[in-house]
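To start, the structure under review is shown below, and the notes come after it.
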Amino acid sequence: MEIEALEKFLVIAATENLQRSADRLDTTPGGLSKILKRLEQELGARLFDRVGKQLKINDAGRRLQSRAVEIVAIANKARAEVGGSGQYLECRIAAPAMLQLLLGVTIQKKLLIHKTGVHLSLTSAYEALALRMLARGEVDLALVTGSVLGQLSPSMEAHSLGEASMCVAAGPEHPLAKSRSLEKQVNLVDILQYPFAAPRISPFCGEERGIGSDGWPENVHSRKVQAVVNDYGVLCRLVMDGELLAFLPEALVREMGGIILRVESDSINSREDLYVVGVGESNYWLDLLI
């Protein structure tokens, strides 16, 4: 049983479609079909149920899938530790776009400190999907918040990456922010006099929770929401170029050059615990990051 065959099997298991798998692997459906048949012959078991041209992974396939994830991870770790400088190394991470913004640059720098020439591949996926991709072997790591740790399978291992503190953000020309300071203490009553931009969809889990999904205690302090925007790139632009406020992670506000408004209210303080998740106790990329 070859490692390369297991890697291709994991892609087929994730897509359950030979054409889509071939497109992803830059090969042909016929070539993948031969590899799959050879793998099934070696194991003495069918891994997929076939209905016409459709594939559906069966119980035997799912058992192999969980083992293949571990085997491929160990093989990749050996390649990284033993391979020469010309070895192509790719760290594949699935994460919500917000966590990529907050942690992507830090992770790349951390990886390059320990291994020169490594390629970082980031895939946008809300937390539940990121964990499914990790379980299927499509990625090496997943970035999530503490709210989904209960969804981790027994084979997954999570390590803390700290926390993200939320704050009220304003553009440099906003009436509440006109000063030379990048941070300003502001009364809650003054904050609530100005309109906000806010999403309906949680930036982490992707669920539609309505206004307040950004973490603002809407049931306690109702805001005047003038713009509903789920794209955080657009939302940040509205804050920086207009007179709208937003509830955003402090690190993101600093990166975009915004002004942090410190609100004098304990009910406004919101934090998200951040984690990196890998499969198995010997995950090479997880070991590097922690």
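The values are calculated or read from the model by the stated rules, or taken from the named source; none is laboratory data. Computed from a predicted model, the values in this text were never measured in an experiment. No Cβ is skipped: glycine too gets one built from the backbone with ideal geometry, and neighbour counts run over all protein chains shown. Please note that ligands, DNA and RNA were not included when accessible areas were found on the heavy atoms of the full protein model with its side chains. Shrake-Rupley method; radii C 1.70, N 1.55, O 1.52, S 1.80 Å.
Are any of the residues in the stretch 157-171 at pLDDT below 90, open to solvent by 50 Å² or more (accessible area, probe 1.4 Å) and of a type in the set (Asp, Glu)? No, that holds for no residue. Which of the residues spanning the stretch 156-212 are part of a loop (DSSP other than H, G, I, E, B), in contact (Cβ under 8 Å) with a residue 60 or more places away in the chain and on the phi > 0 side of the Ramachandran plot? Correct list: Gly206 only. Here is the figure for the stretch 242-259: residues that are among the aliphatic types (A, V, I, L, M), under 24 Å from the mean Cα position of the chain (by Cα) and not in a strand (DSSP E or B) total 4.
Of the residues that make up the stretch 82-91, is at least one touching a strand residue (DSSP E or B) at 6+ places or on another chain (Cβ under 8 Å) and among the small types (Gly, Ala, Ser)? No - not one qualifying residue is present in the stretch 82-91.
Exactly one residue out of Arg46, Arg24, Arg38 is open to solvent by 50 Å² or more (accessible area, probe 1.4 Å), in a helix (DSSP H, G or I) and either closer than 23 Å to Gly280 by Cβ or without any contact (Cβ under 8 Å) to a residue 24 or more places away in the chain (or both): that is Arg24. In the set Leu131, Leu101, only one residue is more than 20 Å from Val279 (Cα to Cα) and either touching a residue at least 24 places away in the same chain (Cβ under 8 Å) or surrounded by 13 or more Cβ atoms within 10 Å (Cβ to Cβ) (or both); that residue is Leu101. Scanning the stretch 240-286 for residues that are aromatic (Phe, Trp, Tyr) and open to solvent by less than 30 Å² (accessible area, probe 1.4 Å) turns up Phe247, Tyr284, Trp285. Within the stretch 219-226, identify whether any single residue is within 20 Å of Ser124 (Cα to Cα) and either in contact with a helix residue (DSSP H, G or I) (Cβ under 7 Å, 6 or more places away or on another chain) or hydrophobic (A, V, I, L, M, F, W, C) (or both), and answer yes or no. No, because not a single residue in the stretch 219-226 is within 20 Å of Ser124 (Cα to Cα) and either in contact with a helix residue (DSSP H, G or I) (Cβ under 7 Å, 6 or more places away or on another chain) or hydrophobic (A, V, I, L, M, F, W, C) (or both). Assess whether Leu182 counts as being modelled with pLDDT under 90 and either loosely packed, with under 15 Cβ neighbours inside 10 Å or closer than 20 Å to Arg271 by Cα (or both). Taking the combined requirement at face value, the residue satisfies it.
Mind checking which residues of the stretch 108-128 are open to solvent by less than 20 Å² (accessible area, probe 1.4 Å) and either of a type in the set (Lys, Arg) or closer than 14 Å to Gly278 by Cα (or both)? The one that is open to solvent by less than 20 Å² (accessible area, probe 1.4 Å) and either of a type in the set (Lys, Arg) or closer than 14 Å to Gly278 by Cα (or both): Glu127.
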